[in-house]
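The values are calculated or read from the model by the stated rules, or taken from the named source; none is laboratory data. Computed from a predicted model, the values in this text were never measured in an experiment. Cβ atoms come from the backbone with ideal geometry, glycine included; neighbour counts cover every protein chain shown. Accessible surface areas use protein heavy atoms only, side chains included; no ligands, DNA or RNA. Shrake-Rupley method; radii C 1.70, N 1.55, O 1.52, S 1.80 Å.
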Amino acid sequence: MNLHVSDPALAAALRVDAARLLASIATLATFGACADGGVNRPALSSTDLDARRHLIERALELGCTVHTDACANLFFRREGSKPLPPVLTGSHIDTQPSGGKLDGCYGVLAALECIAALEDAGICTHRPLEVVAWTNEEGTRFQPGAMGSSAFVDPSRMARYRDARDAAGVTLADALDTHAHAFPTLEMRPDGETAHAFVELHIEQGPLLEIASVPLGVVSGIQGVRWYTVRCAGTAAHAGTTPMHARRDAMTLAIDMRAQIEAFATTLGGEHTRVTFGRWSVEPNSINTIPACVTFTIDFRHPDAAVLDAFDRQLAECAARCGVAVETLFDHPPVHFPHTVVRHVANACAALGARSLTLNSGAFHDAMYLAKHCPTAMLFVPSRGGISHNPLEATNDEHLVLGTRALAHCLVHLCNETP
Ligand code: HGY
Ligand code: MN
Ligand code: MN
């Protein structure tokens, strides 16, 4: 690779230190580590606070200033030479209950590694560079997902978010208070500064890059997502005495609903359909009582907004017909990233002599909200076996390092864009 280190973008990419990056991934994974090799680090849990403390210390060591905001997003800022709007990069560090080491975390740690590389290379960019750890992207402890990034883009959302409760009845407001007490000296980020651009590096969480044997993904956009709960009512009764014909079994209704929903989802969505019924609760959940109430969730994804809207309509019709209650938890339309930033991602891959594949993201990310705030794009690295949201989530070391080098290259170009 014939690299001209006089180019600050390539110089920064070259100074990414593989061992330092990989060690930072292994260290962060210790916060909420599970015996099966995965990570369970719910948003704003004690393990998340410990992980945040570790990242704050790391950022301060790198010479960054650290700020937070009303949704406990963390901003690690490296100043530039000119008083211009910053370039933002980063992702999330909260995980699925049975998550991996890389989902979200890789994007935050790679961005911190880019700052370390800039420091090592003695490069000063025109614009400030801010690495962000967005709060509660996964949305498994508090719904909806991507709370931190969506509240950053539209702070009026916080009023509703603060009332969100986790399974133990703890509100987000309570969790934010705990966070504030844990970091009493953390200053609030000055409001209102619109970023110049946002770039998020993330694992693909699907199989496409691996199937294509390509090490980097230039992400063109993110498919749309809908989350719902469906509540099916029945009548609790004795399992031993109640004849089958005399039952109002909520589980029978729920299973029938699931089948109907999956059928019209796949008819509407075709090969791009992604419908998941991931969380179930049964009341009274007793082995010898006929279920009185069964609640399940729907996660429906599709790249076409018209299909998402049609699914909405058909679900409402089906619910009315079957006498069940549906509540929408989360709703985001498809997002398309602008060429003005996507080109920097593609150029970075090419500058490093790496093949890249342009693809749409099947997973949602904080970038879907940042795209409303400033010009935004994403960069992917392959997921081994396409596996994610699973302790087996993994990416080859050389891909993790290459993705970080490409991020560094892209960030320097964006940070040196001046009006
Ligand atoms: O669900 C998602 O797409 C993301 O990984 N939280
Ligand atoms: Mn993620
Ligand atoms: Mn995830």
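Selection of first residues in the range 258-286 that are assigned by TED's automatic domain parsing to the domain that holds ASP309 and of second residues that are of a type in the set (Gly, Ala, Ser) and surrounded by fewer than 16 Cβ atoms within 10 Å (Cβ to Cβ), restricted to Cβ pairs under 9 Å at least 6 apart or on distinct chains, gives the following pairs, ordered by first then second residue: SER286/ALA239.
If you go through the range 357-386 and keep only what is over 18 Å from LEU402 (Cα atoms) and among the basic types (Lys, Arg), you end up with just LYS372. SER361 fulfils the conditions (1) more than 12 Å from ligand 1 (Cβ to nearest atom); (2) of a type in the set (S, T, N, Q); (3) open to solvent by less than 30 Å² (accessible area, probe 1.4 Å) except for a single criterion, (1). Contact annotation: residue pairs with Cβ atoms under 7 Å, 6 or more positions apart or on different chains, pairing a residue in the range 56-77 that is at positive phi with a partner that is open to solvent by 40 Å² or more (accessible area, probe 1.4 Å) and modelled with pLDDT of 95 or more, are GLY63/GLU119. Can you say whether THR295 is open to solvent by 50 Å² or more (accessible area, probe 1.4 Å), in a strand (DSSP E or B) and of a type in the set (S, T, N, Q), as far as the supplied structure shows? So THR295 fails the test.
Checked against (1) part of a helix (DSSP H, G or I); (2) open to solvent by less than 30 Å² (accessible area, probe 1.4 Å); (3) in contact with a helix residue (DSSP H, G or I) (Cβ under 7 Å, 6 or more places away or on another chain); (4) closer than 21 Å to VAL225 by Cα, VAL199 passes all but condition (1). Counting only residues that are more than 25 Å from GLN96 (Cα to Cα) and assigned to a loop (DSSP other than H, G, I, E, B), the range 261-291 holds 6 of them.
Just one of (1) under 18 Å from the mean Cα position of the chain (by Cα); (2) buried (at least 22 other Cβ atoms within 10 Å of the Cβ) fails for SER24. It is (1). If the condition is being open to solvent by less than 10 Å² (accessible area, probe 1.4 Å) and either within 16 Å of ligand 3 (Cβ to nearest atom) or not in a loop (DSSP other than H, G, I, E, B) (or both), then the range 83-101 contributes VAL87, LEU88, THR89, GLY90, SER91, HIS92, ILE93, ASP94, THR95, GLY99, GLY100.
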